[in-house]
Amino acid sequence: MNILHTSDWHFGKQLDGNSRIEEQKEFVEELYDICEKENIDLILLAGDVFDNGNPSAQAEELFYKAAKKLCKNGTRPLIAIAGNHDSAERLTAADTLAYEHGLILLGTPKSQAVCGKYEGYEIVNSGAGFLEMVIKGEHIVVLTMAYPSEKRLNELVSEDIAEEKRQKGYSQRVGEIFHRLEKEVFREDTINIAMGHFYTMGGEESGSERPIQLGGAFSVNGEDLPKTAQYVALGHLHKPQIVPHTNHKCYYCGSPIAYSKNEAGQQKQVNVVALKASGQAVVKKVALTEYKPIEIWKAENIEQALSLCQQHQKENSWVYLEIKTDRIIEQQEIKTMKTTKKDIIEIIPIFPKKESTFLVEEAGENRSIKDQFIAFFQETTENAQPTEEVISLFLELLQEEDT
């Protein structure tokens, strides 16, 4: 059985107001090609399908078109769980119609799949947080832990766990749910996997994730992940990584696209997992194309920055432009850069550091108002030199105030 692990699609996400929808469309096409090449039987989407709980019509349309293509008219099932960015209710609104198309949508840790026989698979057993399905004669048991908020955890355990146990730590409660389920539904004759969306202790964040842990209070220890699962597919962290101290069984495959400046240059991937009952998972990391890279340009001066924009104007990339300068960059220069090189996200002036030059005791009769303003300006901008236009504007405003 070949399983593909992907997560954190964040359809609808923008980069400082710039749409990423075209890159996300390219990702869907590449993902389909990977599924075909690797003979994928089941796709696991480990949360954060959308970037927010109220996705745009364009984002929703892309997701359902992607699911239809990837599932091949119901012959290749896709299990998607909600992440902390998703609305559980919104994500699962179409679940009754989705099964026929191969799409299984689960919004909360207590969500239960609907048993039934469909085009390319059959769900033969299910309960809160698990399902057993048959694909091409193989039985697969999947534990499904959609984003477990504190409230959702309490709802899940309230019926069968005493009050004192509900007072245990977040990680312990997640662990109890996983360990109870694996004892009840995992078997030696089934392929046993788990999927979840949360932060694990020791995980490396990229900075573009929405924090869900507060000083470690809402993080899960590796010891509390399913011990007998052959593979654990996780979502939330955007950098691909293996959860520490889990014997290389628990993986974050990461987001398919770099969603922030901090992810610039990060190789994105999906995981292809070959499994058989009672066997060890064979994990293959399949690199994804960098559809439109995020780049950080560093210029030694404004002239070099203008030259860089000219040299790379035809390249398809998002750019953060850092410029060393001892003066304020003029509006016309900024306009020229952004006109020459499209998709500059931010121009960041880097001023030389210098010890304080503006001293209150010096700002007396011995220094003119103009000199005091220049000194103050240099102090507050790390020694940038104000232009004559800025100085003139300040003096005009000062004169208006006096009158």
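The values are calculated or read from the model by the stated rules, or taken from the named source; none is laboratory data. Keep in mind that what you see is a predicted model, and the values were worked out from it rather than measured. We place every Cβ from the backbone using ideal geometry, glycine too, and count neighbours over all the protein chains shown. For accessibility, only protein heavy atoms count, side chains too; no ligands or nucleic acids. Shrake-Rupley method; radii C 1.70, N 1.55, O 1.52, S 1.80 Å.
Laid out as a table, the results:
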{"read-out": "Tabulated pairs, segment 68-82, first part of a helix (DSSP H, G or I), second hydrophobic (A, V, I, L, M, F, W, C), C-beta under 7 angstrom, 6+ apart or interchain", "value": "69/28; 70/31; 70/35; 70/43; 70/78; 71/78; 71/103"}
{"read-out": "Only one of 61, 119, 100 that is at pLDDT 95 or above and either open to solvent by 20 Å² or more (accessible area, probe 1.4 Å) or under 19 Å from the mean Cα position of the chain (by Cα) (or both)", "value": "61"}
{"read-out": "Whichever residue in segment 175-196 is acidic (Asp, Glu) and at pLDDT 95 or above and, among such residues, is least open to solvent (accessible area, probe 1.4 Å)", "value": "182"}
{"read-out": "Members of segment 306-333 found to be touching a residue at least 12 places away in the same chain (Cβ under 8 Å), open to solvent by 40 Å² or more (accessible area, probe 1.4 Å) and not charged (D, E, K, R), listed by number", "value": "306, 310, 312, 313, 316, 328"}
{"read-out": "Selection from segment 139-173 of residues that are closer than 19 Å to residue 106 by Cβ, assigned to a loop (DSSP other than H, G, I, E, B), at pLDDT 80 or above and open to solvent by 10 Å² or more (accessible area, probe 1.4 Å)", "value": "147, 149"}
{"read-out": "Every pair of residues 6+ apart whose Cβ atoms lie under 6 Å, when the first sits in segment 385-398 and is free of Cβ contacts under 8 Å to residues at least 40 places away in the same chain while the second is part of a helix (DSSP H, G or I) and not β-branched (Val, Ile, Thr)", "value": "394/373"}
{"read-out": "Segment 64-97: number of residues that are open to solvent by 70 Å² or more (accessible area, probe 1.4 Å) and in contact with a helix residue (DSSP H, G or I) (Cβ under 9 Å, 6 or more places away or on another chain)", "value": "7"}
{"read-out": "Some residue of segment 224-236 being at negative phi, modelled with pLDDT under 95 and in contact with a strand residue (DSSP E or B) (Cβ under 6 Å, 6 or more places away or on another chain)", "value": "no"}
{"read-out": "Residue 27, sole failed condition from (1) closer than 30 Å to residue 152 by Cα; (2) of a type outside the set (Val, Ile, Thr); (3) open to solvent by less than 20 Å² (accessible area, probe 1.4 Å)", "value": "(1)"}
{"read-out": "Close pairs (8 angstrom Cβ cut-off, 6 or more residues apart or separate chains): in a helix (DSSP H, G or I) in segment 174-190, β-branched (Val, Ile, Thr) and surrounded by 15 or more Cβ atoms within 10 Å (Cβ to Cβ) anywhere", "value": "174/220; 175/220; 176/157; 176/161; 177/157; 185/141"}
{"read-out": "Given (1) in contact with a Gly (Cβ under 8 Å, 6 or more places away or on another chain); (2) under 28 Å from residue 52 (Cβ atoms); (3) not aromatic (Phe, Trp, Tyr); (4) not in a loop (DSSP other than H, G, I, E, B), index of the condition residue 123 fails", "value": "(2)"}
{"read-out": "Count of residues meeting criterion [surrounded by fewer than 17 Cβ atoms within 10 Å (Cβ to Cβ) and either touching a Ser or Thr at 6+ places or on another chain (Cβ under 7 Å) or of a type in the set (Ser, Thr, Tyr) (or both)] in segment 217-272", "value": "2"}
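One line per residue, one yes/no per condition, for (1) of a type in the set (Phe, Trp, Tyr); (2) under 21 Å from residue 99 (Cβ atoms); (3) not in a helix (DSSP H, G or I):
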{"residue": "9", "(1), (2), (3)": "yes, yes, yes"}
{"residue": "24", "(1), (2), (3)": "no, no, no"}
{"residue": "36", "(1), (2), (3)": "no, no, no"}
{"residue": "43", "(1), (2), (3)": "no, yes, yes"}
{"residue": "47", "(1), (2), (3)": "no, yes, yes"}
{"residue": "54", "(1), (2), (3)": "no, no, yes"}
